[in-house]
Each structure stands twice: as C-alpha cells, then as structure tokens.
Amino acid sequence: DQQVKQNSPSLSVQEGRISILNCDYTNSMFDYFLWYKKYPAEGPTFLISISSIKDKNEDGRFTVFLNKSAKHLSLHIVPSQPGDSAVYFCAAILTSGTYKYIFGTGTRLKVLA
Amino acid sequence: DVKVTQSSRYLVKRTGEKVFLECVQDMDHENMFWYRQDPGLGLRLIYFSYDVKMKEKGDIPEGYSVSREKKERFSLILESASTNQTSMYLCASSRPNLMNTEAFFGQGTRLTVV
C-alpha cells in the first residue's frame, strides 16, 4: 500500500510561471516531509522540508505547503526555470521511530523555455 | 562537504551471479538506506540500517541482503541476480535528529542483469 502518493506523473510549465507539484499521504503519524529533486543518472538532492507543526516553509523560489487535515502537501516553484526540469519526489518520515524515509512515485517536471 | 559514495556508476551482471553494491558515507551517520528506482514506481526501500550490524527490511527485501560491519559502509547483496533486479540503486544516509532531517544520497548505480 502506497503511503505517499504523487498522482501526477508529469507536468509541463512555461518558463517564468509557477510550478505546483502535489503529494498526498495516508499515515497521519508522519511528522516531517521533504522534497527531493533528481536529474537522470544522478542521486536525489534535497530541496526543502517542513515539519508537521507548520503549514508553510519557504526557501528562495521554493515554498512547501502542508495541509494536515487533507493529508496533502505541495511544492511551489516561482518563477520556474529550465534548470528546474527534473523528477521531484516527496518523502515522509516518522521521527519517533527509526527515521525511515517513505518516498512517493515522483513527478517529472518539464519547464519550457 | 557531505559525501555518500557508491562503488560503481554502471554494472552489467549475468543472471544467477552474486552481486555486491557498496556504499560509503563520510558523515558519521547512524542511518543508512538502500533504495531502488524504477519508472512509475518511485524510490522503494529495500533495506535500512540504524546502527552497525543492525538492519531492518524495507518494502521490497526479497532477493536482497545487506551487511553493515562498519558505521560508514553499507553493502547491498543480490544473492542470485535476476533480470527483474535491473534497476537504478540508490544509497542514502542520515542522522536521526529533529534539527536536520535531510538524507543524503549517493550518485546511484545503474545495474543491468542480462
């Protein structure tokens, strides 16, 4: 059973516009969420995280929003740049346990110049 | 600079071979993980280790085993490689604390079993 889901396998956005990537989870005990970016033939790199006690976290062009009641988080990228084209994974962890990271299936973002 | 290093970028092995994938981290992290990435399936956890000689099965441990004899090294073993184990394998490490929850990944090993 997939505990972390990314229902959009791909997304295309025009350069300069906003990219919104979505993620849903089923386990209400998750208390930390992260977004990773992955280029082909490379390992994922960390982008931004959010604690479950917050509803928003910003870092430059990247903002993550968390809606606990809906068990939903989203990553906003503004403005989108061609170099943002990659696969984005959301992940969730239980910090009360062994900090096992559960990843979603990924969304491939293509930013069109 | 933080580093997780996987021993090979690309590997081609024959069906039935025993395959070793090695991962080394230089951050003194307690936790280490092995994932595989397949199209449409995302990153799936194979095994993880939260201390030396300690291991736990992830979501897809069948056909794999692991070894963690030293804190910095976590090995993934394919006991008898099969074609359905052709995949991108990713190692990661982290320190379990609330101040910094980021896991760091290696560059990945693309394994092809023929």
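The values are calculated or read from the model by the stated rules, or taken from the named source; none is laboratory data. This structure is a prediction, so every number in the text was calculated from the model and none was measured. Ideal geometry is used to build each Cβ from the backbone, glycine not excepted, and the neighbour counts take in all protein chains shown.
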Legend entry - Selection within segment A:10-32 - modelled with pLDDT under 95 and not polar (S, T, N, Q): A:Met29, A:Phe30, A:Asp31, A:Tyr32
Inset, instruction - Output the number of the condition that A:Tyr99 fails; it satisfies all remaining conditions of (1) touching a residue at least 24 places away in the same chain (Cβ under 8 Å); (2) among the hydroxyl-bearing types (Ser, Thr, Tyr); (3) more than 17 Å from A:Ser28 (Cβ to Cβ). - result: (1)
Legend entry - Entirely in segment A:21-111, the strands (runs of 3 or more DSSP E) that have 3 or more residues that are among the polar types (S, T, N, Q): A:45-51
Inset, instruction - Specify the residue that is farthest from the other protein chains (Cβ to nearest Cβ); the eligible residues are those in segment B:81-114 that are part of a loop (DSSP other than H, G, I, E, B) and buried (at least 20 other Cβ atoms within 10 Å of the Cβ). - result: B:Ala81
Inset, instruction - Give just the number: which of (1) surrounded by fewer than 18 Cβ atoms within 10 Å (Cβ to Cβ); (2) at pLDDT 95 or above does A:Ser51 not satisfy? - result: (2)
Inset, instruction - Select from segment A:70-88 the residues that are touching a Gly at 6+ places or on another chain (Cβ under 9 Å) and within 14 Å of another protein chain (Cβ to nearest Cβ) and list them in ascending order. - result: A:Val87, A:Tyr88
Inset, instruction - For segment B:17-68, enumerate the residues that are within 9 Å of another protein chain (Cβ to nearest Cβ), within 14 Å of B:Arg95 (Cα to Cα) and either outside any strand (DSSP E or B) or touching an Asp or Glu at 6+ places or on another chain (Cβ under 9 Å) (or both). - result: B:Glu30, B:Asn31, B:Phe48, B:Tyr50
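This table checks each residue for (1) away from chain B (no Cβ under 11 Å); (2) within 29 Å of B:Arg110 (Cα to Cα); (3) crowded, with 18+ Cβ neighbours inside 10 Å.
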position: A:Gln3; (1), (2), (3): no, yes, no
position: A:Tyr39; (1), (2), (3): no, yes, no
position: A:Glu58; (1), (2), (3): yes, no, no
position: A:Lys68; (1), (2), (3): yes, no, no
position: A:Cys90; (1), (2), (3): no, yes, yes
position: A:Ser96; (1), (2), (3): no, no, no
position: A:Val111; (1), (2), (3): yes, yes, yes
Legend entry - Close pairs (7 angstrom Cβ cut-off, 6 or more residues apart or separate chains): more than 18 Å from A:Gln81 (Cα to Cα) and acidic (Asp, Glu) in segment A:1-29, at pLDDT 95 or above and surrounded by 12 or more Cβ atoms within 10 Å (Cβ to Cβ) anywhere: A:Asp24/A:Lys71; A:Asp24/A:His72
Inset, instruction - Please verify whether segment B:71-79 includes one or more residues that are over 14 Å from the mean Cα position of the chain (by Cα) and in contact (Cβ under 8 Å) with a residue 60 or more places away in the chain. - result: yes
Inset, instruction - Look at segment A:10-20 and say how many of its residues are among the hydrophobic types (A, V, I, L, M, F, W, C) and outside any strand (DSSP E or B). - result: 1
Legend entry - Members of segment B:1-16 that are assigned to a strand (DSSP E or B), touching a Ser or Thr at 6+ places or on another chain (Cβ under 7 Å) and more than 10 Å from chain A (Cβ to nearest Cβ): B:Leu11, B:Val12
Legend entry - Failed item in (1) within 14 Å of chain B (Cβ to nearest Cβ); (2) within 20 Å of B:Gly40 (Cα to Cα); (3) over 10 Å from the mean Cα position of the chain (by Cα), with A:Asn27 passing the rest: (2)
